[in-house]
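J.: Submitted below is the structure of interest, expressed as structure tokens.
The values are calculated or read from the model by the stated rules, or taken from the named source; none is laboratory data. Every value quoted in this text rests on a predicted model; they were computed, and no experiment measured them. When we count neighbours, we look across all protein chains shown, and the Cβ atoms used for this are built from the backbone with ideal geometry, even at glycine.
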Amino acid sequence: MANSFINASLPDTSDRMLFAVPKKGRLYDQCLGLLSSIGIEFNRKPRHDIALVTNMPIALVFLPAADIATYVAKGNIDIGITGLDIIRESQTENDVAELLRLGFGKCKLQVQAPLSHQGVASAEDLVGKRIVTSFINLTKQRFAELEGVSDPEKIKTQVRFVSGSVEAACGLGLADGIVDLVESGDTMRAAGLHAVGTILETESVLITNQHPRFPKLAAIIQKRVEGILTARQYVLCQYNIDRKSLEMACRIAPGRQAPTVTPLEQNGWVAVSVMVEKKVVGDKMDALSDIGATDILVLDIANARA
Ligand SMILES: Nc1ncnc2c1ncn2[C@@H]1O[C@H](COP(=O)(O)OP(=O)(O)OP(=O)(O)O)[C@@H](O)[C@H]1O
Ligand SMILES: O=P(O)(O)OC[C@H]1O[C@H](OP(=O)(O)OP(=O)(O)O)[C@H](O)[C@@H]1O
């Protein structure tokens, strides 16, 4: 279970929920944005990796993303944000509870090979060859599947760890193929590589220990984050329509629960307010307009609660 940091120069965190956040890298900015959106306020001193939240009994702990799942699994940290890839690689999926998928940090863990090696068209073609990766466990598991071997430690494919800039390994002669994360594919293409197989699709997740020390506080954080995710996913659409067309309009945009309908001063007309998924709002507006809706407005939602 989580301990307070026992060090006179560190703040007292003994009665606070410890919340781990990536200290740098791809997830950092999005995580800070999310913390701010859910109303978490803190002051972080330069070079300090612990920051006390000023408006909740929480201490933020800034850690490498790759270590967060392990700390949460072991109970040294109560709640945290990291990638699904990291949970799977650190083999902690049975010791952490996944509260929410956060919709950022989306990418794929892919097997990649040099474009110049024309004989390699699939991951199978790399069986028995040299693979370099930061994801040793997931890579060994995939090659064990490809080799039909039950113990990943008994594969004939040589899997070697490097901590970063994995894409350089083939060009430098250390590897015949690599396994690394791909989002846009720019890094892969810049290194003269192409994807020959996908091991995992990943995104960032909010996790807790299976037996959290502060379950009520963790539930509050989960609710707040859910609210922000909903707000990011939906817009509020408002329009006026003849009551005769209301049923049809509600079929076009049924909302999350149901539209709010308010009578207008104009006889037989109503004003409707409804949540619509951002990605389809253009189509919905067109369809509402086609059946006679007027004054169709779309408003951003700052926050939401189910
Ligand atoms: N290109 C990417 N696009 C989206 N998400 C990514 C990308 N690269 C990594 N991630 C996600 O972010 C997590 C942390 O990766 P990142 O490369 O930022 O780690 P880091 O090693 O802590 O940072 P740095 O690369 O700055 O040393 C990954 O495990 C993955 O979940
Ligand atoms: O497909 P892309 O959009 O190019 O993204 C993929 C790159 O992003 C990650 O590395 P990052 O840039 O975070 O740095 P790192 O290599 O130091 O981990 C990943 O390891 C890839 O190298």
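J.: Within segment 176-187, does at least one residue satisfy the condition of being more than 13 Å from ligand 2 (Cβ to nearest atom) and either touching a residue at least 24 places away in the same chain (Cβ under 8 Å) or touching a helix residue (DSSP H, G or I) at 6+ places or on another chain (Cβ under 8 Å) (or both)? Explain how you work it out, then say what you get.
T.: First, the residues of segment 176-187 that are more than 13 Å from ligand 2 (Cβ to nearest atom): 176-177.
Add one more test, that the residue is either touching a residue at least 24 places away in the same chain (Cβ under 8 Å) or touching a helix residue (DSSP H, G or I) at 6+ places or on another chain (Cβ under 8 Å) (or both), and what stays is 176-177.
Scanning segment 176-187 turns up at least one residue that is more than 13 Å from ligand 2 (Cβ to nearest atom) and either touching a residue at least 24 places away in the same chain (Cβ under 8 Å) or touching a helix residue (DSSP H, G or I) at 6+ places or on another chain (Cβ under 8 Å) (or both).
J.: Separate question: Does Val162 fit the bill of being outside the structural domain of Leu34 (by TED's automatic domain parsing), within 16 Å of ligand 2 (Cβ to nearest atom), of a type in the set (Val, Ile, Thr) and touching a strand residue (DSSP E or B) at 6+ places or on another chain (Cβ under 9 Å)? Steps first, please.
T.: On the way: outside the structural domain of Leu34 (by TED's automatic domain parsing): yes; within 16 Å of ligand 2 (Cβ to nearest atom): yes; of a type in the set (Val, Ile, Thr): yes; touching a strand residue (DSSP E or B) at 6+ places or on another chain (Cβ under 9 Å): yes.
Taking the combined requirement at face value, the residue satisfies it.
J.: Exactly one condition in (1) among the aliphatic types (A, V, I, L, M); (2) crowded, with 20+ Cβ neighbours inside 10 Å; (3) within 27 Å of Gln91 (Cα to Cα) is false for Leu193; which is it?
T.: (3)
J.: Determine, yes or no, whether Thr92 is within 25 Å of Lys24 (Cβ to Cβ) and touching a helix residue (DSSP H, G or I) at 6+ places or on another chain (Cβ under 7 Å).
T.: On the way: within 25 Å of Lys24 (Cβ to Cβ): yes; touching a helix residue (DSSP H, G or I) at 6+ places or on another chain (Cβ under 7 Å): yes.
In short, yes.
J.: Further question: Could you list, ordered by first residue, the pairs with Cβ atoms under 9 Å in which the first is in segment 3-25 and at pLDDT 80 or above and the second is within 16 Å of ligand 1 (Cβ to nearest atom) and charged (D, E, K, R), at least 6 apart or interchain?
T.: From segment 3-25, the pairs are Ala20/Asp67; Lys23/Asp49.
J.: So, one more: Give, as residue ranges, the strands (runs of 3 or more DSSP E) completely inside segment 27-134 that count at least 2 residues that are away from ligand 2 (no atom under 16 Å from the Cβ) and outside the structural domain of Ala175 (by TED's automatic domain parsing).
T.: Working: elements: 50-52, 58-63, 79-83, 96-101, 107-114, 130-133.
Per the criteria, 50-52, 58-63, 79-83, 96-101.
J.: Between residues in segment 229-257 that are farther than 16 Å from Asp286 by Cβ and residues that are among the aromatic types (Phe, Trp, Tyr) and crowded, with 17+ Cβ neighbours inside 10 Å, which pairs lie under 9 Å by C-beta distance while being six or more apart or on different chains?
T.: Pairs found: Arg256/Tyr234.
J.: Applying the selection to segment 135-154, what residues are in a helix (DSSP H, G or I) and away from ligand 1 (no atom under 16 Å from the Cβ)?
T.: Answer for segment 135-154, where residues must be in a helix (DSSP H, G or I) and away from ligand 1 (no atom under 16 Å from the Cβ): Lys140, Gln141, Arg142, Phe143, Ala144, Glu145, Leu146, Glu147, Pro152, Glu153, Lys154.
J.: Now for a different question. Name the pairs: first residue in segment 87-115 and more than 24 Å from Phe19 (Cβ to Cβ), second residue of a type in the set (A, V, I, L, M) and in a loop (DSSP other than H, G, I, E, B), Cβ to Cβ under 8 Å, at least 6 apart or on different chains?
T.: Ala113/Val120; Pro114/Val120
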